[in-house]
Structure formats: C-alpha cells, structure tokens
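Each remark here refers to the structure printed beneath this line.
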Amino acid sequence: MKIFKNKKQLKSEIGNKKSISFVPTMGSLHKGHISLIKTAKKYKYQTLVSIYVNPKQFNKKDDYKKYPRNLVKDLKILRKLKVDYLYLPTYRDLFKFKPSNRIYLHKFSKILCGKYRKYHFKGVLDVINRFLEIIHPKYLFLGLKDFQQLTLIKKHILKNKINTKIISCKTIRESNGVACSSRNFILNKKQMEIAKNVYNYLIKIKKNTKKKFKLFNFSLFKKDLIKLGVNKIDYLEIINQKSLRRPKKSKESFSIFIAYYLNKVRLIDNI
Ligand code: AMP
C-alpha cells in the first residue's frame, strides 16, 4: 500500500490510472468501513482509501478533539485488505486551493442532522468536493448508515455533473444490532447495552408503525427512549427515502431516523 500525505504526489501517481475506486473515511476503522472497502475491491479497479478527520464538519470543538483516532490499527487493517493507496491529507493540502465546482446543498440538508449540526453538511460537501477534484474517482463508496450524507453527496454530484458514480453500501451492525460506528469505541459497556436496547426498541416501533401508520407517537416514543437511558434525543423522525419527506399515507415505505446522545457521545441510525 502506497501512502500519500500530499495531493501533488498522489495526483502524479494516480493521474495516469484509468479508474480509481474511492472510499473516504475519518479512520478508526470498523466492520462498516471494511465492508465498504471489500465492496470497492470487487470493482477490480485500484482502491484508494482516505483517512481525514475533517474539522469543518464538526460543530463542537470538543467533539472534534474527542473523535477516536487510531492510525496504527487502521494501517494494519488497510494493509491486510490489500488497499492500493492511502491518502492522509493535511488541512493545508485539502483546503488551500479553490475547487472548480461549487458546493450544492439540497434542501434535504435542512432537516435531521442538518437541523441540529449547523454547517455539518456544508463541511462534508466541501471536503468531498475537494477529494473528487483531486482524485477523479470512477466510483465512490458510501454507507447507507449516513443516508442523509449519501443523499446530499449524490445531489451535489448530479448538480455539478461530476463523472463519479456512487455505490451505496448497506449498514453493517454489531451482533447486538447496533450500527458499527467509530464512536462506538468510546462507549462503555453500559452505554453499549443502552444502544442495543434502543436498536431493539426502534425495530419494535417500526413493526407496529407498519401495521398502523398513525400509531407513530413521537412524544411517547421519545419518553420511552429516555427511560431506556438515552440522555438526549436530537431527532426521532420517519422519512420516506424516495420523497425525502415524512410519509403521508399508510402504504408509503419509510425508515426511522434517529440521532441521540449517550452521555456526550452522539449516535445516529436509520432503520
Ligand atoms: P466515517 O469514517 O464515519 O466518516 O465513515 C466513512 C464511510 O463509512 C461513510 O460512507 C459511512 O457512511 C460509512 N459507514 C460508517 N459506518 C458504517 C456502517 N456501520 N455500515 C456501513 N457503512 C458505514
């Protein structure tokens, strides 16, 4: 695996490659990332993974500081997976140039995480836009665990007519149902148990809501989640993944979206 900390060197290495499969990450790699990389490898192109904890997408300094970082372990994982390239950019390398495409923020950015994390999606799109300009990947592998992020990147790519295809990858979960996340590394045993109970609760209310749509009682469900040990809920929402709105009719398909805190750790999921 070749490691690059500088876009000039990276570009001179991959510039003549016809196709790159790109997997952007913030590191502290887990089974979700590994599944994305394994999917990317099936596409038979060279695989490039980036690890960069992007300060622009954190709305709280403390959250950015405390975000888990584990480069030694990450390198081991990536080498084992036989990833071709790893890009470890610095802030300067990424942000000190003017990209040719403008960030397009679709109105779906105004709800869910966008409502509670000011500038988060602007920061995400800023960094992805720059990565795409440096790398020109043929394929971009993104996880459905971050459905809102994936959708907004898709809209940005479409609007700017960028020649990169997004491959959506399913959410990988721990054996107890909790979605794999780098933030899980900073949960203690008790908090992991609460996360498991939250997952089971969401499965249960989804099943009931499917039977009788009008039974989705936001305030009651939130109260129940607090009783389970959740410290704070940013949102609990039902969204039709096609219309990107709360469904109006019983027959519409939907997913439950949640962002909640266990102590100071913020977790998101969609089920
Ligand atoms: P992150 O390192 O959290 O920025 O995530 C990097 C990529 O991995 C994003 O496309 C995420 O959606 C994806 N990802 C994170 N967690 C999971 C998961 N549990 N299952 C599948 N993909 C995931």
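Details
- Cα centre as origin, Lys/Arg/Asp/Glu Cβ charges: the chain dipole, Debye: 520 debye
- Whole-percent pair-distance distribution, where bins are 10 Å wide, for the alpha carbons of the stretch 1-122: 11, 36, 38, 15, 0
- Taking 29 Å as the limit for the C-alpha separation, the pairs K66/K170; K2/K98; K159/K207; K76/K204 exceed it in the case of K159/K207; K76/K204.
- Computed over the stretch 6-153: relative contact order in percent, which uses C-alpha pairs under 8 Å that are six or more apart: 34 percent
- Cross-link table K7/K190; K60/K189; K18/K61, entries beyond 32 Å C-alpha to C-alpha: K7/K190; K18/K61
- Qualifying aspartates and glutamates (Cα of each under 20 Å from Cα of K212; at least 8 residues distant if same chain): D224, E237, E252
- Hydrophobic long helices, here whole DSSP H runs in the chain with Kyte-Doolittle means of at least 0.0 and Cα atoms spread over 20 Å or more along the helix axis, are found at 120-135.
- Residues L105, L215, L112 arranged by fewest to most Cβ contacts within 10 Å: L215, L105, L112
- Fewest-first ordering of T164, T90 by other beta carbons within 10 Å of each residue's beta carbon gives T90, T164.
- Counting every other Cβ atom within 10 Å of each residue's Cβ, I135, I226 order from fewest to most as I226, I135.
- Per residue, the convex hull volume that the Cα atoms of the chain enclose (Å³): 133 Å³
- Ranked from largest, the principal axis spans of the Cα set of the stretch 150-197 equal 47, 18, 15 Å.
- Of the trypsin sites (Lys or Arg not before Pro) in the stretch 159-230, the ones in a loop by DSSP (not H, G, I, E or B) with at most 15 other beta carbons within 10 Å are K161, K170, K212.
- For the stretch 172-211, the convex hull spanned by the alpha carbon atoms encloses 65 Å³ per residue.
- Residues whose amide H falls under 5 Å from that of A259, counting only those 5 or more places apart or on a different chain, are D234, Y235, with hydrogens built in the peptide plane.
- Both radii are taken from the alpha-carbon atoms of the stretch 129-223; with Rh as the Kirkwood radius, Rg/Rh is 1.10.
Bear in mind that the values in this text are calculations on the coordinates, not laboratory data. Note that the structure is predicted; figures quoted are calculated from it, not measured. In this analysis, Cβ positions are derived from the backbone assuming ideal geometry, glycine residues included, and neighbour counts consider all displayed protein chains.
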